[in-house]
1. Would you kindly state how much longer the chain becomes between I73 and R50 on full extension, computed as 0.36 nm times their sequence separation minus their alpha carbon distance, in nm to one decimal?
2. So how far apart, in nm, are the two label points at T38 and A60 if each is 7 Å from Cα heading toward Cβ?
3. Stretched out fully, how many nm does the piece from R11 to V30 gain, at 0.36 nm a residue minus the Cα gap?
Amino acid sequence: MIESLRDLLGRALARAGLEATSDAFRVAEVWEEAVGPTIASRARPAGLERGELLVAAPDAVWRQELSLLAPDI
């Protein structure tokens, strides 16, 4: 049986003690589905820090918008 690259990578990262990186990878996979195409086109997940999602945005306006939407995201 052929395994998906995601599954293989997830297990390899977990064995290396990088579960947070694996979680960030999973978030990136579902980002557009989770936030919709408009937000996904302007912002992207940048990582996880102490269980909190860090999001990169191109400018102050989008950062402000995302901070207001944070509870929903």
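1. 6.6 nm
2. 2.3
3. Details: separation 19, 0.36 × 19 = 6.84 nm, distance 1.84 nm.
The span from R11 to V30 would gain 5.0 nm if fully extended.
Taken together, the values in this text are just the output of simple stated rules run on the coordinates, not laboratory data. All figures in this text were calculated on a predicted structure; none of them were measured in a lab. Every residue, glycine among them, receives a Cβ derived from its backbone with ideal geometry; neighbour counts consider all protein chains shown.
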